[in-house]
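Asker: The structure under discussion is supplied below as structure tokens; questions concerning it will follow.
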Amino acid sequence: MTTSAWWWFCTLCLATAFSPGPAVLLAVSNTATQGARRALLGTAGNATGVFLVALAALLGLGAVLRTSATGFAILKMAGAGYLVYLGVRQWRAPSMLVTMPAPGPVSRDACQLYAQGLMVAVTNPKSILFFTALLPQFMHQATSPWLQGLLLTSTFAVCTVASHLCYVLAAGRLRRWLAGRWGRYWQRATGALFVGMGIALLRMRRPAL
């Protein structure tokens, strides 16, 4: 893979990573309710999930999902169900005036925040199909596919972290404002968005062969 091709890939990665979606919404929501430090745990989980999804695409899982209606449906329902779960959980959460933690050591909720980011990434079949179509376009036959795959997947994961950092910093400025009466409206709005994304994912069709 040439340097120019890698730069084009970086540009595409950043454009994709900055596009609003479930992972970005999760990062913003966690920042508003948990603070920037804890939100970055979810970002780390999502970056791990992105790396695993891209690796799975390289190993051929994307091709399996394109040909297996059952496999595609199972993963799609799992992803949609998890997004709806996050939405309902956000909608029913207590007021942010009560739940916002004070600054201090990261608690046992760290694992839960990391797992949320991871699950949002790995249960989205659209991501696997995206990487299946994208990665081969930037890989050169004369170079080891595994080395190129590692470089490309790592690049996308880093771009994901970079985009989330920007969203987390921006959302951090809103946290004090959301601690007031607008906090409840924020939780309801983000909860509804999660549910809407879950429903949209459930309506996703397997690409035609």
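The values are calculated or read from the model by the stated rules, or taken from the named source; none is laboratory data. Since the structure is predicted, the reported quantities are computational estimates derived from the model, not experimental observations. Cβ placement follows ideal geometry from the backbone for every residue including glycine, while neighbour counts extend to all protein chains displayed. Calculation scope for accessible area: heavy atoms of the full protein, side chains included, ligands and nucleic acids excluded. Shrake-Rupley method; radii C 1.70, N 1.55, O 1.52, S 1.80 Å.
Asker: Across the range 158-187, what is the total count of residues that are open to solvent by 90 Å² or more (accessible area, probe 1.4 Å), modelled with pLDDT under 80 and part of a helix (DSSP H, G or I)?
Answerer: Residues that pass the stated criteria total 4.
Asker: Would you confirm whether or not the range 31-43 contains a residue that is free of Cβ contacts under 8 Å to residues at least 12 places away in the same chain and either open to solvent by less than 50 Å² (accessible area, probe 1.4 Å) or touching a Ser or Thr at 6+ places or on another chain (Cβ under 9 Å) (or both)?
Answerer: No: the range 31-43 contains no residue that is free of Cβ contacts under 8 Å to residues at least 12 places away in the same chain and either open to solvent by less than 50 Å² (accessible area, probe 1.4 Å) or touching a Ser or Thr at 6+ places or on another chain (Cβ under 9 Å) (or both).
Asker: Identify, from the list A54, A73, A63, the residue that is at pLDDT 75 or above, closer than 27 Å to L152 by Cα and open to solvent by less than 60 Å² (accessible area, probe 1.4 Å).
Answerer: A54 is the lone residue from the list that is at pLDDT 75 or above, closer than 27 Å to L152 by Cα and open to solvent by less than 60 Å² (accessible area, probe 1.4 Å).
Asker: What's the total number of residues in the range 131-145 that are in contact (Cβ under 8 Å) with a residue 12 or more places away in the chain, within 16 Å of G60 (Cβ to Cβ) and in a helix (DSSP H, G or I)?
Answerer: Selection size over the range 131-145: 6.
Asker: Restricting to the range 87-114, what's the tally of residues that are modelled with pLDDT of 65 or more, assigned to a helix (DSSP H, G or I) and open to solvent by less than 40 Å² (accessible area, probe 1.4 Å)?
Answerer: 4
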